[in-house]
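The values are calculated or read from the model by the stated rules, or taken from the named source; none is laboratory data. Just so we're clear, the structure is a prediction, and the values are computed from it rather than from any experiment. Here the Cβ positions follow ideal geometry from the backbone for every residue, glycine too, while neighbour counts run over all protein chains shown. Protein only, heavy atoms only, side chains kept; ligands, DNA and RNA dropped before computing areas. Shrake-Rupley method; radii C 1.70, N 1.55, O 1.52, S 1.80 Å.
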Amino acid sequence: AYLGFPFEGATLTAAYNNILGEVSYSIAHRTGTNSGNTVSADGVVTINGVGIDTVKAVFAGNDTLMPDSAMYIIDTRAPYTLTLATNDPAMGTVKIDSAGGSGEKTIIPYNSIESDSCSPCKVCWPGEGSDNLFDGNISSGKWATDSTVKFVVFHTNTPVQVNGYTLFTGNDNADQHGRNPKSWVLKAKLASTDSWTTVATVNNDTTMQDVNYTPFDFEMDDPGTYQYFRFEVSALRGSGNFMQLGEMQLFKKRAISFLDSVSVKDAAANEYYVLPGAKVAVKAIPAAGYQLLKWEDNSTDLDRTVTVTRDTIVAATFGLPTPGVTPEGNLTVFGGRFLSETGEIVATPALAETGGLIDESVVPVPVPVIDGVDLSALTDNYVAQDGDTLTGTLNVSQYPVKISIAAGATVTLAGVTINGTNSNDYNWAGITCEGNATIILMDGTTDTVKGFDNDCPGIYVPVGSTLTIKGGTSGTGKLIASSNGNGAGIGGGWSGSYSSCGNINIQGGDITAYGGYALAGIGGGRNGSCGTINITGGNVKAYGGDEAAGIGGSRAGSCGTIEISGGTVLSNGGQYGAGIGSGYAEFGPASCGNIHISGGTITATGGKGAAGIGGGKKTTYYVTQCGTITITAGVISVTATKGQEAPNSIGAGSGGTCGTVTIEPGANVTQN
């Protein structure tokens, strides 16, 4: 049972003309919990709270039945909370679309589909007929044809309800580009004697990519119940005449209604109870004269679907179509904030330079630059300015404030402790860079930085910006960076605006970075990207969470070029993640750019199925890719220890692909 949702438990019926006699009921709460759930004299259970309870029916006056012979257990759980937020209710609102989102898809079993005929292939390899499309094997075999007319006719054993289909790429698309279909139609009919009806049309498709055995879903224009199908391809992505597909599936997505998965928790606060895993459709409604600028995940469509797997805040930012100008044409300041030329809401303490009138009551006062800013004394958000030195322990229990570094600023950390409190109310990293930033680690001090919200990194670097970390004169300053669960130590986070990050440049200092689950120690966020990672000095230790690299990409994420030219580097990937390189290809492909090592002492250890230096493990549906790997003269020692299932200690992960691996004679490389 879930709080706030309808619940129907078992019903006790008295057989044999009520020979059970008098029945009394009791409820017992599991030790250590008290849900407050009750049972009435006539056996009606009332759900009041979370807990596990045993409900018993005891029969009196009948020695032939065992006491407590009717009993069941109620496991009452709390649903997740979905909160809808907006930057300014006057500009727009957010609501749940009562039609709901689409549920999980049900795939028509492959053994219920049979190929009837297909276009011939004049020069194909044997065994590449259309039967391979419906054999249920999505990691081997394919249908290939070079005929001018490309089609396949197939049928199901019985009529099926279907509203979509999945096309899998072939086995060598990554190497043989252009073999994917580009334009096609899907025709269907219910009875064999019916005429064909076109139920799906795709022209000039750009979604299918040149990757191996990867699924791409398509919806039907005319869903319905059919038994006979004809798939016709009229154009290919490449200039040749050779087409291939690895597998084809039919599916149906069940709609989840509003009442099935969502109930109101607090209407005034726009809070809803949502069942775990439910897909909820939300809609942004701009007020007259305004528009949606972005959601918290940077998407811009008015309608979106959110899969709720934890307490979630969905926020919409509204603004003016013409930045800084109201529908009446006047400059408008909202609480000391205005819309930049890109449409982003930013603080500006110097509006006079824009020629606008200043209302001193709403223009924020710049924080003065102070030598030796003691974090323990802060009671409000603080943006460190160029030349600041930060010290002390942030009082997160009383003042869980946000610490940022101004764009272009160089800031020194001198014994800082930021242990973020794990709460969705504080959706920010331990330290947030607002643009390009430089951090200097003061000699002889230790700095600990941990993100706040569970999904945020220890130190966040925005996309398009570069964070440079330097040591002091002797390089003895230490930094320990981590998330509060699902973020990188340095780089990106789990989702939303934190999933992608910019460039990371480490020049010195003693740095240890821990990645959370599915997140790299140093690198991009889950399903996100990371810029260039460049290490030229220092003592760097990076530990990736399961499914992520130590240095590089996270699960289903990408990373740019990785360059190491100096320093001592120890980098361990989590299970399925490379030591240095890409993460695990679950729920999406994983990749990294070129890796170039030209100096330093490097020890790289890959997790199960991943290379020490190179690619992570692929899955049945998604691939891992790595660019070229070049190790030149000047490397003192490189040890890349491959994990289980990995074919290479340096190169591709299990089932993945990798560019050219070059180890020059002057490099001292040990491979285990």
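Some points to look at:
- Qualifying strands (runs of 3 or more DSSP E) (wholly inside the range 144-256; at least 2 residues being aromatic (Phe, Trp, Tyr)): 150-168, 215-236
- The lone exception for Asn505 - which of (1) more than 11 Å from the chain's Cα centre (by Cα); (2) without any contact (Cβ under 8 Å) to a residue 40 or more places away in the chain; (3) part of a loop (DSSP other than H, G, I, E, B) it fails: (3)
- Within the range 156-215, being farther than 26 Å from Thr620 by Cβ, open to solvent by 10 Å² or more (accessible area, probe 1.4 Å) and of a type in the set (Val, Ile, Thr) holds for Thr158, Val185, Thr193, Thr197, Thr198, Thr201.
- Total residues in the range 424-447, condition farther than 17 Å from Gly502 by Cβ and open to solvent by 40 Å² or more (accessible area, probe 1.4 Å): 9
- With respect to the stated conditions, Arg304 fails to be open to solvent by 50 Å² or more (accessible area, probe 1.4 Å) and either within 18 Å of the chain's Cα centre (by Cα) or at pLDDT 80 or above (or both).
- Residue that is surrounded by the most Cβ atoms within 10 Å (Cβ to Cβ) [pool: residues in the range 613-672 that are of a type in the set (D, E, K, R) and at pLDDT 85 or above]: Lys617
- Subset of the range 531-556 [open to solvent by less than 10 Å² (accessible area, probe 1.4 Å) and assigned to a strand (DSSP E or B)]: Ile533, Ile535, Val540, Ala542, Ile551, Gly552
- Residue within the range 430-439 that is over 30 Å from the mean Cα position of the chain (by Cα) and part of a strand (DSSP E or B) present: no
- Residue that is modelled with the highest pLDDT, among those in the range 34-73 that are within 23 Å of Pro6 (Cα to Cα), of a type in the set (Val, Ile, Thr) and open to solvent by less than 60 Å² (accessible area, probe 1.4 Å): Val39
- A count restricted to the range 577-602 and to residues that are open to solvent by 10 Å² or more (accessible area, probe 1.4 Å), of a type in the set (Ser, Thr, Tyr) and closer than 18 Å to Cys530 by Cβ stands at 2.
- Any hit, the range 463-476, residues being touching a Cys at 6+ places or on another chain (Cβ under 8 Å) and either in contact (Cβ under 8 Å) with a residue 60 or more places away in the chain or surrounded by fewer than 24 Cβ atoms within 10 Å (Cβ to Cβ) (or both): yes
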